[in-house]
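The values are calculated or read from the model by the stated rules, or taken from the named source; none is laboratory data. Because the structure is a prediction, the values reported are computed rather than measured. Note: ideal-geometry Cβ built from the backbone for every residue, glycine included; neighbour counts use all protein chains shown.
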Amino acid sequence: MKCQKCEKPATFHITELTDPAGPLELHLCEDCAKTYLTQGAVEEPGPAMIGGALGKQVQVGQTAEELARLDQKVCPVCGISYYEFRQAGRLGCPHDYICFEPELEPLIVSIHGQSKHSGKVPRRGAARTDRQTDLIRLRREMKEAVEREEYEKASQLRDQIRNIETEY
Amino acid sequence: MKLEELAGQCGEWLRGTGPESDIVISSRFRLARNLAQFPFIRRCGEQDRSAIERTICDRVGAVEEWSKLAYVDVARLPPVDRQFLVERQLISRELSEGEGPRGVAIDPQEKFSVMINEEDHLRIQVMHSGLDLQNAWDQINRIDDMIDERVTYAFHERLGYLTACPTNVGTGLRVSVMLHLPALVMTQQIERVFRSLQKINLAVRGLYGEGSQPRGDFYQISNQITLGRSESQLIEQVGKVVPMLIEYERRAREFLVRDNQKDLHDKVSRAYGILCTAQTISSAETMDLLSSVRMGVNLGLIEDIEIPTINRLFIHTQPAHLQKLRGGELDTADRNIERAQYLQRHLRKGNRGGAQQKN
Ligand SMILES: [Zn+2]
Ligand SMILES: [Zn+2]
């Protein structure tokens, strides 16, 4: 059996006891097992779970066609695609929870067994953060404008960004 | 702050005090938080990462409590120093091996640290020696409030605190208790105990695992789920099983003392003997042997060594610590020799070269 993370033979077989995602089996070579186990040593059952939950999501539901369409979906704020999230197991910005909501919902339920927060709330409460989200989008657009050498557009965007930034 | 100064100390979580500290090593809390006006780390360039670091340091830096902390620029730290902070659990491996601007603010007493630009913009963690869940929560909650007053966290009405990985969304809270369970391992009950824990949504991890077998018989119990349960429910969930585990471990120790006294005493004495006399020894073997000695001391089979001394040896014999204490880089073979000498110096001290044991 090959290591799940590289091409070497798998010599370590680790079972992560994750629930409700269920036990997750990992087959790794010595090097990858070392990295994996020492990474988890500090804390974090997380990284293993997201892999398991994402894997299940693919198994259970979508046809290849649906999945391909889904993968192309892109967050308008940070520019991450669902494909990139699926590969990395990490989201690109807070807005992803909104724009990928239909896809993330079953994933979140399979990880946590629930979908509604209970507990601490920031001092400002659940106030909307549209202005902050705008900042993320504008900074990205500015960077892209610079890359395309559209300097006039970039400088307009920079002014917009500064205006919002001074509000905070 | 000089890391060399830290090297000589033990660090809060191995201090070896606090309730139930013969079995419970430490209580740790971690909160994942993100600033609303920046992308998550994965979509951050150098500029964003610098801006996050600056925003946090500028806004929170003015607070008196924060100004007492030592801020370490992890991006500029040599690898051995990063490894040193990992061994002390002040930073995670992810932060150590990450890229771009990142750092950590460290409490001089090492009871808490705040990592910047780890998987999330902020990872606040609190470590208390022994079983001390309520105080640890009160402390991390206060630090979180202090930061929250000065920044805008990414928060969603229904999903709670938003995190880079959906496994942390909601409270962003991980409650962990690290236990030393050598008797449950010796009596081969550990697997069964852990299987029962998984049924109630708790995760179990070994410490310093270098293979499939966790080293030193240290296990960390933590909540798996972060969404849909309040902080106090999560604390209660972890807190409820700890007394059970302590009880199991104590029963296993009693059994070993009662029915296996000779074998137990033999194992402990041999471990002690090797640690006192070896000429070269690996980190993994050291941890296993120290674990037996630690249990031996707790059961009164070895006198003249105190638990804090053994705890200190656990951390000081780690690769980066050895090198910091020695004041220079050492390769694996040299480290094994240095480790053996270090153990001899510290174990023989006070009992004149011989292990005085109670019969
Ligand atoms: Zn591998
Ligand atoms: Zn996004």
query: Just one of the numbered conditions (1) surrounded by fewer than 14 Cβ atoms within 10 Å (Cβ to Cβ); (2) not assigned by TED's automatic domain parsing to the domain that holds residue A:70 is not true of residue A:144; which one?
result: (1)
message: Residues that are within 11 Å of another protein chain (Cβ to nearest Cβ), at least 1 per element: which helices (runs of 4 or more DSSP H) completely within the stretch B:57-132 meet that?
response: B:79-87, B:93-97
- prompt: Which of (1) within 17 Å of the chain's Cα centre (by Cα); (2) surrounded by fewer than 21 Cβ atoms within 10 Å (Cβ to Cβ); (3) of a type in the set (Gly, Ala, Ser) is the odd one out, the single condition residue B:62 does not satisfy?
  reply: (1)
query: Any residue in the stretch A:105-126 that is facing another protein chain (nearest Cβ under 7 Å) and within 13 Å of ligand 2 (Cβ to nearest atom)?
result: no
- request: Kindly list the number of the only condition in (1) among the aromatic types (Phe, Trp, Tyr); (2) more than 13 Å from ligand 2 (Cβ to nearest atom); (3) under 12 Å from the mean Cα position of the chain (by Cα) that fails for residue A:151.
  value: (3)
query: Take the residues of the stretch A:66-97 that are surrounded by 24 or more Cβ atoms within 10 Å (Cβ to Cβ) and part of a helix (DSSP H, G or I): which is farthest from ligand 2 (Cβ to nearest atom)?
result: A:85
